[in-house]
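S.K.: Let me begin by handing over the structure; questions about it come next.
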C-alpha cells in the first residue's frame, strides 16, 4: 500500500527577547514580538507518513506511543495539512529528540517546526518559509522561530497571515554559544501553554509589552553589530521582565529555583569581572548562559562547578528546519 | 552645666505594602503610599542630650562612636529640631538596637523615629504625632511609619506637610506575628537609600505605582476585617512587585539570595496546604513570614529546619514610639 512520507529535522531555539502572553490564544498570535537563536546540535527528527491503512493519527515520541493532549495538538496540525492538500489519510508521526524533554529547552518549538515541514511535504505541499513558520506557530507559538535559520525575529503580527518568523542573520554570522546549565529535568509545574494565559493577570504585563519594541530594536542591533555587551544587558533585562510578570501573575508563577538564582548571580558577577557571558531563563528552572565561542569551555567548566548543576549542554547557532532523506 | 535630655524607644516596622522610589529624594516624599506593622520586642532606644560643652554633634550606636554619613543624617534632624526650638546647642545621641543592624529589619526606621521623639522632647518641643512622623520621615522615609502604633498607613502626600503616617488599627487589634528568618546579617550590597533612586530606571515602576491604590485598599480592608487569606495574597504580590522593579532596574538590584527564594517557595506551599502564613521581603535577603499568633511556634520551627536559616526572630504587633524615663 502506498504511503506519503517525509522526514525533517529542526533545532530548538532560545529566546533573547521573549514571548509571554497571547493576543489570540487559539491562533498563538503573541502579545509581543520576539528574537531567538536556533540551537545547533540539539534537534527533533520527525517522520510523517500518511497511510491508507490507519484509522486515526498515531504519534510516537522517543519510541513511546503518545495519546491524549499531545496527540491532539499534532492531529490539529495534520488536519490543517490535510485540508490544504485535499487528502483524507491519517498519518503516523514518529518523533525523536536528542535532548531531554521538559528541561527548559523548548522541545515543542523544535517538534512543531519539524512536524510542519515533514507533514506538509509528505502531503505533497511545497510551503514557503513564511507558510511553514505560520503552520508551526499554530502548533506551538515559539515553533515558528525554529523554521528559519540562525538569528530569528518573530513579528507578532495581528492575525494568522501576519504572524511569522524571519531570519535576521544566518547561523554563521556571529559565533555565539548557548551553555545550558541543566539543574532539573523534571516537568514544569505549570506548562508554558497555561502560563501564557495568566500573563494578563499581572499588573506588570502591559508595561512589559509597552517597552518591547525598544528591547527588540536594541537586541536586533546588538546581533547585527555583534555587540556582546549590549546583547548581554538587554537579554538579562528581558528575562527578568518576563519572570517579573510570571511572579506577579495570579496565581504567581515561579519558574526559578534557588540554584537558578545562584547561577544568575554568578554569571552577572563573571561579566562584571571581565568574562563576557549573560543569562536568560525560559519557563523552567534551567539557565541558558550565552557567550562567545572562545569562552564556551571556560563558561561550561565554571557552570559545572556550581553545586546543583547536573550537566551543561552547549550549542552554537543552528540552521533552519530542513528535510532529510 | 545644664543639659536638656530625653530618651525614647521605637520599634522597627515591616511593610505589607511597600515603599520604593521617591517623588522627592531630599524630602523622602515617596512615589506611593505604604502600610506596615510595628514589630514589638525589637527596639531602638535613643537618648539625646543637648549640652553646652559640645563642639559638634556626637553619635554612638551600640556603644560605638559613629562618624561620616550616619552622623550627618542624624545631625540634619538635630538641626531641624534646633531651628524649631531656637536653640544652638550640639547634642550627644546614644542609640542602641536590640536586634542586628542591616539584617533586613529596618533599623533606620526605628532609629529615626526614636531620634525624632527624643530630640524634639529634649529640645523642649511637644510635637504631635503627625509632626513627629514628618520629622522622622526626613531622617529615613519608612521611619515615619514607626511613630504611630500598631498597623500604620503612610499617606504619600505631595509635600513635606502632607506626607506622614497614621495608625489604621492599634497594636492589639489583630494577633499577627512576624517570624523573621535571618539568613544573613551581612550589610546589603546596595543600600535602600541608593536603591530608591534607581526605581525609575525600571520599565515596570510606573505600572507598579499605578496599581498601588488598589493594593492599599485591599490591604487596609484585610487588616480591618482580620482577613488573613486576603492579606496573604496582597502582601506576597506587593513584595514580588517591588522585587520585580528592583531586578529590572539599571543596574539590576537582586536582594534575594537562593535561600530567600527557597523560603518563599516553602511558605507559599505551606499556605496551599492549610497553614496560614505568607512572606514578604524588604531590601535585603531575609524573609519576614507573617502568621497568626496561634501558628507562630509552628512557623518558627519549620523555618529553622530550612538549611541556611541562621535564626528566627519573632515579633507581635508593636506600639508607637514613646518616651521612657
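S.K.: Could you grab the pairs with beta carbons closer than 7 Å, sequence gap of 6+ or different chains, first residue in region A:267-293 and in the same structural domain as residue A:108 (by TED's automatic domain parsing) and more than 12 Å from residue A:229 (Cβ to Cβ), second one assigned to a strand (DSSP E or B) and at pLDDT below 95?
M.R.: Pairs that qualify, where the first residue is in the same structural domain as residue A:108 (by TED's automatic domain parsing) and more than 12 Å from residue A:229 (Cβ to Cβ) and the partner is assigned to a strand (DSSP E or B) and at pLDDT below 95: there are none.
S.K.: Also: Looking for whichever is closer than 22 Å to residue B:262 by Cβ, buried (at least 20 other Cβ atoms within 10 Å of the Cβ), within 14 Å of another protein chain (Cβ to nearest Cβ) and in contact (Cβ under 8 Å) with a residue 12 or more places away in the chain here; the options are B:204, B:241, B:216. Which one fits?
M.R.: Details: B:204 fails: closer than 22 Å to residue B:262 by Cβ; B:216 fails: closer than 22 Å to residue B:262 by Cβ.
Just one listed residue meets the conditions, B:241.
S.K.: Next up: Just to be sure before I move on: is residue B:147 within 30 Å of residue B:309 (Cβ to Cβ) and away from chain A (no Cβ under 14 Å) in the structure I sent?
M.R.: Working: within 30 Å of residue B:309 (Cβ to Cβ): no; away from chain A (no Cβ under 14 Å): yes.
Taking the combined requirement at face value, the residue does not satisfy it.
S.K.: Is it the case that residue A:306 is surrounded by 20 or more Cβ atoms within 10 Å (Cβ to Cβ) and within 15 Å of residue A:184 (Cβ to Cβ)?
M.R.: On the way: surrounded by 20 or more Cβ atoms within 10 Å (Cβ to Cβ): no; within 15 Å of residue A:184 (Cβ to Cβ): yes.
No; evaluated as a whole, the condition is false for this residue.
S.K.: A further question on this structure: Among the residues of region A:244-267, what is the count of those that are out of contact with any strand residue (DSSP E or B) (no Cβ under 7 Å at 6 or more places or on another chain), part of a helix (DSSP H, G or I) and at the interface with another protein chain (Cβ under 10 Å from one of its Cβ atoms)? Steps first, please.
M.R.: From region A:244-267, those out of contact with any strand residue (DSSP E or B) (no Cβ under 7 Å at 6 or more places or on another chain) are A:244-259, A:261-262, A:265-266; that's our starting set.
This time we only want the ones that are part of a helix (DSSP H, G or I), so: A:244-247, A:258-259, A:261-262, A:265-266.
Subset that is at the interface with another protein chain (Cβ under 10 Å from one of its Cβ atoms): A:244-247, A:258-259, A:261-262, A:265.
Number of matching residues: 9.
S.K.: Further question: Which of the following residues is in a loop (DSSP other than H, G, I, E, B) and at pLDDT 95 or above: B:100, B:148? Explain how you work it out, then say what you get.
M.R.: Numbers: B:100 fails: at pLDDT 95 or above.
The match here is B:148.
S.K.: Hey, among the residues in region A:41-96 that are assigned to a helix (DSSP H, G or I) and at pLDDT below 95, which one's surrounded by the fewest Cβ atoms within 10 Å (Cβ to Cβ)?
M.R.: Narrowing region A:41-96 to residues assigned to a helix (DSSP H, G or I): A:69-85.
Still in the running and at pLDDT below 95: A:69-70.
Details: A:69: 10, A:70: 14.
The residue in question is A:69.
S.K.: Return yes or no: is residue A:227 without any contact (Cβ under 8 Å) to a residue 12 or more places away in the chain and either surrounded by fewer than 22 Cβ atoms within 10 Å (Cβ to Cβ) or under 19 Å from the mean Cα position of the chain (by Cα) (or both)?
M.R.: Numbers: without any contact (Cβ under 8 Å) to a residue 12 or more places away in the chain: yes; either surrounded by fewer than 22 Cβ atoms within 10 Å (Cβ to Cβ) or under 19 Å from the mean Cα position of the chain (by Cα) (or both): yes.
So residue A:227 fits the description; yes.
S.K.: Among (1) assigned to a strand (DSSP E or B); (2) within 14 Å of another protein chain (Cβ to nearest Cβ), which single condition is residue A:316 missing?
M.R.: (2)
S.K.: Something else about it: I'd like to verify a number: residues in region B:121-143 that are buried (at least 20 other Cβ atoms within 10 Å of the Cβ) and within 20 Å of residue B:14 (Cα to Cα), how many?
M.R.: Number of matching residues: 12.
S.K.: Hey, any hits in region B:282-289 for a residue that's touching a helix residue (DSSP H, G or I) at 6+ places or on another chain (Cβ under 8 Å) and in a strand (DSSP E or B)?
M.R.: yes
The values are calculated or read from the model by the stated rules, or taken from the named source; none is laboratory data. None of these values were measured; they are calculated from a predicted model. Glycine gets a Cβ as well: all are built from the backbone with ideal geometry, and neighbour counts include every protein chain shown.
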